[in-house]
Ligand SMILES: [Zn+2]
C-alpha cells in the first residue's frame with residue numbers, strides 16, 4: 001500500500017510531466033472506485049491546464065484553473081505517464097489525455113482508490129478537513145503530540161497512525177520511527193513524557209525524509225513507462241525483521257500483532 005513517502009515520490013515525478021499541460025480528453029473506463037468517479041469528469045477537465053501537483057497526507061491534488069482533482073491511490077493504485085495510443089490493460093480505469101499526446105493513466109486492481117473533483121478549497125474537502133498536521137512541516141512537534149496524548153490509553157503506535165493526530169504515518173514508518181525514538185509500540189500514549197515525544201516527532205520526520213530520499217532513485221522508472229509506480233524500499237531497521245538481531249544491541253527483534261497490524265520492536269532498545 002502506498003504510504004506518504006511513496007505518494008510524495010509520485011508527486012515529485014508527476015509534477016514536471018503534467019504541470020503546464022492542457023487536458024484535451026478523459027477516458028473513463030470504470031467509475032466504480034472507492035467513491036464513484038464524477039460522471040462529468042471529461043466535461044469538467046476538458047481544456048483545463050494543470051497548475052500544480054500538491055499533496056496532503058496521502059492525497060494528491062492536481063490543481064487546475066477552476067478547481068482541483070483529488071486523487072488517492074488506495075491499496076493498489078498506480079499512475080503512469082504514457083503515449084495516449086498505448087492500449088489499456090485490465091485495471092486501467094481512467095486516462096487523462098494531454099495536448100502533447102501523452103496521458104496520465106490510473107490503474108487500480110482492487111479499486112480502493114479515489115478520483116474526485118472539487119471547485120472549492122481541496123484542503124477543506126470532506127475527506128481532508130479533519131486530517132492532523134503534515135508530519136514534514138513545522139506543525140508537527142513533540143509538544144503537539146504530548147498535548148494531544150494526555151489521558152489517552154490507546155497505544156503510542158495506534159496514536160501516531162491515527163490520521164486525525166498526524167496525517168500519513170502508516171504501519172511501516174510508525175514501526176521504524178518508534179524504534180528510532182526508543183519507544184515500545186504498545187505503551188499507552190498518555191504515559192509518555194514530553195521529552196520522549198520530542199524525540200518521536202524528530203524520528204517521524206527523519207524516517208519519512210529518509211524514505212523520500214530513497215524513493216528519488218526510482219523516479220526514472222516512473223518516467224520511462226516501465227509500469228513501476230515509484231514504490232521503493234529503504235533500508236528498514238525493524239519492520240519485517242522479526243527474529244533477526246537488533247542493529248543496535250543484537251537482541252532478537254520481536255514481532256507481534258497489535259491492533260491487527262504487524263508490529264516489530266527491540267525488547268531492549270525500546271521501552
Ligand atoms: Zn536493540
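Sort out which residues of segment 78-106 are buried (at least 21 other Cβ atoms within 10 Å of the Cβ) and farther than 20 Å from residue 15 by Cβ, and write them in order of number.
Across segment 78-106, the qualifying residue is only 93.
Among 15, 8, which is in contact (Cβ under 8 Å) with a residue 40 or more places away in the chain and either under 18 Å from residue 215 (Cβ atoms) or assigned to a strand (DSSP E or B) (or both)? Give the steps one after another, and end with the answer.
Working: 15 fails: in contact (Cβ under 8 Å) with a residue 40 or more places away in the chain.
Only one candidate qualifies: 8.
Here is a check on your reading of the model: is residue 109 out of contact with any strand residue (DSSP E or B) (no Cβ under 8 Å at 6 or more places or on another chain), buried (at least 19 other Cβ atoms within 10 Å of the Cβ) and more than 22 Å from residue 253 (Cβ to Cβ)?
no
Applying the selection to segment 162-179, what residues are part of a helix (DSSP H, G or I) and surrounded by fewer than 20 Cβ atoms within 10 Å (Cβ to Cβ)?
Selection gives 171 alone.
Testing residue 6 on (1) out of contact with any strand residue (DSSP E or B) (no Cβ under 6 Å at 6 or more places or on another chain); (2) modelled with pLDDT of 95 or more, one condition comes back false. Which one is that?
Of (1) out of contact with any strand residue (DSSP E or B) (no Cβ under 6 Å at 6 or more places or on another chain); (2) modelled with pLDDT of 95 or more, only one is false for residue 6: (2).
So which residues in segment 43-59 are surrounded by fewer than 16 Cβ atoms within 10 Å (Cβ to Cβ) and either modelled with pLDDT under 95 or more than 20 Å from the chain's Cα centre (by Cα) (or both), if there are any at all?
Matches in segment 43-59: 43, 46, 47, 49, 51.
Does segment 201-217 include one or more residues that are more than 16 Å from the chain's Cα centre (by Cα), modelled with pLDDT under 95 and in a helix (DSSP H, G or I)?
Scanning segment 201-217 turns up at least one residue that is more than 16 Å from the chain's Cα centre (by Cα), modelled with pLDDT under 95 and in a helix (DSSP H, G or I).
Scanning segment 254-271 for residues that are more than 8 Å from the ligand (Cβ to nearest atom) and not in a strand (DSSP E or B), which turns out farthest from residue 182 (Cα to Cα)?
260
The values are calculated or read from the model by the stated rules, or taken from the named source; none is laboratory data. As the structure is a computational prediction, the values presented were derived from the model and not from experiment. Ideal geometry is used to build each Cβ from the backbone, glycine not excepted, and the neighbour counts take in all protein chains shown.
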